[in-house]
Amino acid sequence: MAGNKKIEEGLELIKSAEKHLKTSLLKWRPDYESAADDYNKAATCFKNAKSYQQCKDCLLKAAEYHQQNRGLFYAAKALDQCILICKEMGDIRDIYVMAERAAYMFQSQGNPDSAVATLEKTAKILESQVPMEALNLYRHAAEISGIQDNQRASAEYTSKVARIHVKLQQFDEAADAIRREIGLHQAHESIQAVGRLVVALVLVQLARGDIVAAEKAFKEWGNYCDPPEIQNLEMLLQAYDEEDRDNAIRALNDPFIKHMDVEYAILARDLRLPQGNAVVQKKPIVENATDEYKRVRPQNDEYVPTDSYKAGDNNEEASSGHQPEDDDEYSGGGLC
């Protein structure tokens, strides 16, 4: 019963708002302000009655007429409330456009903080279902915060942008966002945050398959890392450079990496590991080895006689050069 009364009250307010919009011979211009106020009141009645579709329609009307009356701040407030109603309805198709409109109105009226709050709130609603739209809203919030010289807030929203890129496996864009975030943290000398981001950037570059870029990032910003992080990154990069699968797994299972933001921890878990094809090296010949382990023929496959064979040849030559004379009874001469 209470819900029905609220709906009836809301309908009466809509009729009142429509009257304010009518013109007559003595009333040349619609009363947009009064109409917008009545639509706002009607929206409240419908919200209390949980008639969310009617509430949404009234809020959009209120925003329209506040804008017609050049009351951009109140129009933005109506859109901001409409976003929450859409969330209650489970209908988030239009809230991205609403958030951008509201942010523009807030900003044009000199309320950047309200603009950022609306963008952040809407991005959180969209992040799980429409991450690309959430990413754009976070990026817009970072830009507004940067204009207001709020580097810390800008870095926070840029971090969200980078993590969404990682989640979507857009590693090139993620690397760019992390670099921007590093620059913002350097501006207000947040050294510890930069150290964590260096690890994240190395992981992203490895996910891109670019070991050179990963090493370059470590050389450029590695001095911001703590000693344990430096040792772990050195082991990780060396493992990928030498195709050492075991050391790569050991480095990626480091507690510091496992306790990073969820997106980076998952990235480290799913990172492509080195193949681990070890090159088998031939053992060198030991000079003083026994005869049975010495090489008989060289690697160039040229025949070289062994010492024993040479000794045999010399004996044959000696025996052939000094043949003994046979004591033959007929050696002195032939038969007469």
task: Within region 1-31, work out how many residues are touching an Asp or Glu at 6+ places or on another chain (Cβ under 9 Å) and closer than 20 Å to Leu72 by Cβ.
output: 3
- request: Would you check if there is a residue in region 190-210 being over 28 Å from Ala123 (Cβ atoms), surrounded by fewer than 23 Cβ atoms within 10 Å (Cβ to Cβ) and of a type outside the set (A, V, I, L, M, F, W, C)?
  value: yes
- line: Screening Lys27, Lys61, Lys41, Lys87 for residues that are without any contact (Cβ under 8 Å) to a residue 12 or more places away in the chain and either of a type in the set (Lys, Arg) or within 24 Å of Thr118 (Cβ to Cβ) (or both) leaves only Lys27
- prompt: Within region 28-45, is even one residue within 48 Å of the chain's Cα centre (by Cα), surrounded by 13 or more Cβ atoms within 10 Å (Cβ to Cβ), farther than 30 Å from Ala134 by Cα and among the basic types (Lys, Arg)?
  reply: yes
- request: Test Tyr264 against the stated conditions and say whether it is assigned to a helix (DSSP H, G or I), more than 28 Å from Asn150 (Cβ to Cβ), touching a residue at least 12 places away in the same chain (Cβ under 8 Å) and hydroxyl-bearing (Ser, Thr, Tyr).
  value: no
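Find the residue count for region 10-27, including only residues that are surrounded by 10 or more Cβ atoms within 10 Å (Cβ to Cβ) and assigned to a loop (DSSP other than H, G, I, E, B). Spell out the reasoning first.
Filtering region 10-27 down to residues surrounded by 10 or more Cβ atoms within 10 Å (Cβ to Cβ) leaves 10-23, 27.
Within this subset, residues satisfying the condition of being assigned to a loop (DSSP other than H, G, I, E, B) are 22-23, 27.
Total meeting the criteria: 3.
Yes/no per residue for (1) touching a residue at least 60 places away in the same chain (Cβ under 8 Å); (2) over 15 Å from Ile211 (Cα atoms):
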site	(1), (2)
Pro227	no, yes
Leu233	no, no
Gln238	no, no
Asp244	no, no
Asn247	no, yes
Asp254	no, yes
Ile257	no, yes
Arg269	no, yes
Arg272	yes, no
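Every number in this text was worked out from the coordinates using simple rules, so none of it is lab data. Being a predicted model, the structure only gives us computed values, none of them experimental. Backbone-built Cβ (ideal geometry, glycine too); neighbour counts: all protein chains shown.
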